[in-house]
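Here the structure is laid out as structure tokens; the discussion comes afterwards.
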Amino acid sequence: MRILIISDIHANLTALETVLAHAQGQWDKIWCLGDLVGYGPDPNECVQLIQQFDHIALSGNHDWAVLGRLDVTTFNRDAQIAIEWTRKTITAETRAYLETLPSSITLEPFTLAHASPRQPVWEYILDSYTAAMNFSYFDTPYCLVGHTHVPVLFEEVDITQIVAHTPIYDVPIQLEKPRLIINPGSVGQPRDADPRAAYALLDTDAMTWEFRRVRYPISETQERMRKFDIPPRLIQRLEYGL
């Protein structure tokens with residue numbers, strides 16, 4: 001099966017639509033690793049769009065915060081404002097959908113978690129040390145995570161050595177290593193100094209993974225964010241991927 005891997009859309013409809021168009025005809029199902037909402041101006045539209053396709057979705061920390069499952073004071077002030085706006089904006093249908101989503105799931109030979117297998121909603125796997133601590137928390141060969149908004153692949157060479165690999169884009173790689181933690185990056189809020197939307201393609205028959213990036217019209221998202229008085233810092237950072 002060919003699977004479109006997306007994560008951290010963050011209510012950025014323009015970025016999501018661009019990714020779907022860029023990968024059109026190259027996938028059969030969507031796996032979304034969480035945070036459909038938060039930060040961006042289009043929470044209802046993003047939820048409605050993903051439901052048009054055969055998909056599996058997880059719940060992320062922003063999804064939880066919007067649902068009241070996390071204390072909003074644990075977020076920075078700009079994120080709090082965006083969460084509070086999202087809470088007032090989402091429809092009953094959007095809320096009901098978000099309430100059904102798990103934070104992690106196992107689909108052999110893959111474990112899917114929004115943040116990490118150890119702490120599925122909140123932990124950031126940004127370095128090899130944190131990745132090393134997480135390999136003992138899943139039993140499958142591969143674990144897919146989001147949350148950091150940074151695409152990366154962590155390889156467990158042995159129990160004492162974890163190697164972080166930066167993405168090579170548009171080149172399928174064989175998933176032949178014994179154990180991996182892979183992050184596709186963020187569709188709607190990249191944080192690796194590259195403002196292009198990030199996603200991945202997974203072929204479970206050939207067992208290949210392909211990191212992808214695509215430019216989208218950021219100004220369209222920014223214009224809608226300004227319309228709803230979303231904090232300026234959240235608007236500006238989209239231009240820089242930070």
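Taking segment 21-53 as the range and being free of Cβ contacts under 8 Å to residues at least 24 places away in the same chain and more than 22 Å from THR89 (Cβ to Cβ) as the test, the residues that pass are ALA21, GLN24, GLY25.
Within segment 168-198, being among the hydroxyl-bearing types (Ser, Thr, Tyr) and surrounded by fewer than 18 Cβ atoms within 10 Å (Cβ to Cβ) holds for one residue alone: TYR169. If you take the residues of segment 23-72 that are among the polar types (S, T, N, Q) and in a loop (DSSP other than H, G, I, E, B), which of them is nearest to LEU98 (Cα to Cα)? Once the filter is applied, the top-ranked residue is SER59.
Have a look at LEU201, LEU153 and point out the one that is touching a residue at least 60 places away in the same chain (Cβ under 8 Å), under 29 Å from ALA21 (Cβ atoms) and surrounded by 14 or more Cβ atoms within 10 Å (Cβ to Cβ). Steps first, answer last, please.
Values: LEU153 fails: touching a residue at least 60 places away in the same chain (Cβ under 8 Å).
Of the residues listed, the single one that is touching a residue at least 60 places away in the same chain (Cβ under 8 Å), under 29 Å from ALA21 (Cβ atoms) and surrounded by 14 or more Cβ atoms within 10 Å (Cβ to Cβ) is LEU201.
Evaluating ASP192 against the criteria (1) charged (D, E, K, R); (2) farther than 21 Å from VAL121 by Cβ; (3) over 16 Å from the mean Cα position of the chain (by Cα) leaves one unmet condition, (3). In segment 84-133, the residue that is modelled with the lowest pLDDT out of those that are part of a helix (DSSP H, G or I), surrounded by fewer than 16 Cβ atoms within 10 Å (Cβ to Cβ) and of a type in the set (A, V, I, L, M) is MET133.
The values are calculated or read from the model by the stated rules, or taken from the named source; none is laboratory data. Every value quoted in this text rests on a predicted model; they were computed, and no experiment measured them. All Cβ positions, even for glycine, are placed from backbone atoms using ideal geometry, and neighbour counts span all protein chains on display.
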